[in-house]
Amino acid sequence: MEKLGIIAGAGKLPVLLARAAVNHDREPVVIQITKSDAERFAGIAHEIHTYGVGQIQKIARTLLNSGVKEVVIIGKVEKNILLRPFQIDTTTLKILVQNRREKPATIVNAALNSLESTGLTILPQDRYLEDLLPHPGVLTKRRPTESQWKDIELGITTARQIADMDIGQTVVVKNQIVLAIEAIDGTDATIKRGGNLGRKGSVVAKAAAANHDFRIDVPTVGQQTLSALHQVKAGVLAVEARRTFVMDPEMLIQQADRWKIAIVAVE
């Protein structure tokens, strides 16, 4: 069975990928780079190793020694890790020094290039997880109102613009007014900020950059996102079709229907 390397952050996605890989006759070799419980891969992964996010040399060497040729990097790694001291090797130190004035995305891209220079091929995160990518349309029973459709258009357009600038992916809109834009505080905090201003009926939109690198990130929404909308009485969650992971889609849509929140996948 051909092996698949999984460099795993936090959350459910690395486990879902490992299971999907097994279903496609791939043998997962997992490198954990967060403090998540290794037991989540019990009975699924062929090997499990744990390294710091800055130990690029050890990660590459371990994968190559295990016979891995293709790798997926998936799971949540907070951006603010770049603001904290962490264990790094000489390769990572060189990348940081060479890119010390660059944006986080540039540093990450340099790290990917370093991994691929060892002979590893980095696959997009949605490999084997296509069932989590929604098709265009309204996914819930509730449909947006006419004014909310206008807010969806503005929200998705604005979200794409801030994603292009590597600022964030989420915006909150109501009555054609942008109430909040995501920064390093993350999606849920952005929903809270914007929702507290707009309150009932606000639209939350999430989108990726035009040249988004799906090897290192697929925009993701799930129960936690929906709960954040519910807490501020937001009315619509808009995402990009075929470019967004919708976690546990059946359960999420059922809960959205109970809370009377519309979920829309936009082309």
Breaking point among (1) open to solvent by 20 Å² or more (accessible area, probe 1.4 Å); (2) outside any helix (DSSP H, G or I); (3) modelled with pLDDT of 95 or more, for A183: (3)
Selected residue (criterion: modelled with the highest pLDDT) from residues of segment 45-58 that are assigned to a loop (DSSP other than H, G, I, E, B) and within 22 Å of the chain's Cα centre (by Cα): A45
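What residue, of R101, R142, R61, is farther than 20 Å from F214 by Cβ and either at pLDDT 95 or above or touching a Phe, Trp or Tyr at 6+ places or on another chain (Cβ under 7 Å) (or both)?
On the way: R101 fails: either at pLDDT 95 or above or touching a Phe, Trp or Tyr at 6+ places or on another chain (Cβ under 7 Å) (or both); R61 fails: either at pLDDT 95 or above or touching a Phe, Trp or Tyr at 6+ places or on another chain (Cβ under 7 Å) (or both).
Of the residues listed, the single one that is farther than 20 Å from F214 by Cβ and either at pLDDT 95 or above or touching a Phe, Trp or Tyr at 6+ places or on another chain (Cβ under 7 Å) (or both) is R142.
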Lone unmet requirement of (1) over 30 Å from V72 (Cα atoms); (2) touching a residue at least 24 places away in the same chain (Cβ under 8 Å) for L179: (2)
Checking V22 against (1) open to solvent by 50 Å² or more (accessible area, probe 1.4 Å); (2) at pLDDT below 95; (3) touching a strand residue (DSSP E or B) at 6+ places or on another chain (Cβ under 9 Å), the condition it does not meet: (2)
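Looking only at segment 224-247, filter to residues that are more than 19 Å from E153 (Cβ to Cβ) and within 15 Å of the chain's Cα centre (by Cα); which one of those is most open to solvent (accessible area, probe 1.4 Å)?
Taking segment 224-247 first, the residues more than 19 Å from E153 (Cβ to Cβ) are 224-228, 230-233, 245-247.
With within 15 Å of the chain's Cα centre (by Cα) added as a condition, the list becomes 224-225, 245-247.
Details: Q224: 124, T225: 13, F245: 0, V246: 7, M247: 22 Å².
So the residue we want is Q224.
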Considering residues of segment 147-186 that are within 22 Å of the chain's Cα centre (by Cα) and of a type in the set (G, A, S) only, the residue nearest to G198 (Cα to Cα): A180
Condition broken by L17, with the remaining ones in (1) crowded, with 19+ Cβ neighbours inside 10 Å; (2) within 14 Å of I59 (Cα to Cα); (3) out of contact with any helix residue (DSSP H, G or I) (no Cβ under 7 Å at 6 or more places or on another chain) satisfied: (2)
Close pairs from segment 248-261: first surrounded by fewer than 15 Cβ atoms within 10 Å (Cβ to Cβ), partner not in a helix (DSSP H, G or I), Cβ under 6 Å, at least 6 apart: K260/R142
Positions within segment 25-43 being crowded, with 17+ Cβ neighbours inside 10 Å and not in a helix (DSSP H, G or I), in sequence order: R26, E27, P28, V29, V30, I31, Q32, I33, T34, S36
Verdict on V178 being open to solvent by 30 Å² or more (accessible area, probe 1.4 Å), hydrophobic (A, V, I, L, M, F, W, C), modelled with pLDDT of 95 or more and in a strand (DSSP E or B): yes
Every residue from segment 187-201 that is part of a loop (DSSP other than H, G, I, E, B) and without any contact (Cβ under 8 Å) to a residue 40 or more places away in the chain: R199, K200
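Could you tell me which residue of segment 189-216 is modelled with the highest pLDDT, considering only residues that are open to solvent by 50 Å² or more (accessible area, probe 1.4 Å) and closer than 27 Å to I7 by Cα?
In the first step, residues of segment 189-216 are kept if they are open to solvent by 50 Å² or more (accessible area, probe 1.4 Å); the result is 192-193, 196-197, 199-200, 210-211, 216.
Now restrict to residues that are closer than 27 Å to I7 by Cα: 210-211, 216.
Working: A210: 94, N211: 91, I216: 86.
The extreme case among them is A210.
Does L129 qualify as being open to solvent by less than 90 Å² (accessible area, probe 1.4 Å) and either modelled with pLDDT under 90 or in contact with a strand residue (DSSP E or B) (Cβ under 6 Å, 6 or more places away or on another chain) (or both)? Lay out the reasoning, then the answer.
Values: open to solvent by less than 90 Å² (accessible area, probe 1.4 Å): yes; either modelled with pLDDT under 90 or in contact with a strand residue (DSSP E or B) (Cβ under 6 Å, 6 or more places away or on another chain) (or both): no.
Criteria not met by L129.
The values are calculated or read from the model by the stated rules, or taken from the named source; none is laboratory data. No experiment lies behind these values; they were computed from the predicted model shown. Using ideal geometry, Cβ is built from the backbone for each residue, glycine included, and neighbour counts are taken over all protein chains shown. Accessible surface areas use protein heavy atoms only, side chains included; no ligands, DNA or RNA. Shrake-Rupley method; radii C 1.70, N 1.55, O 1.52, S 1.80 Å.
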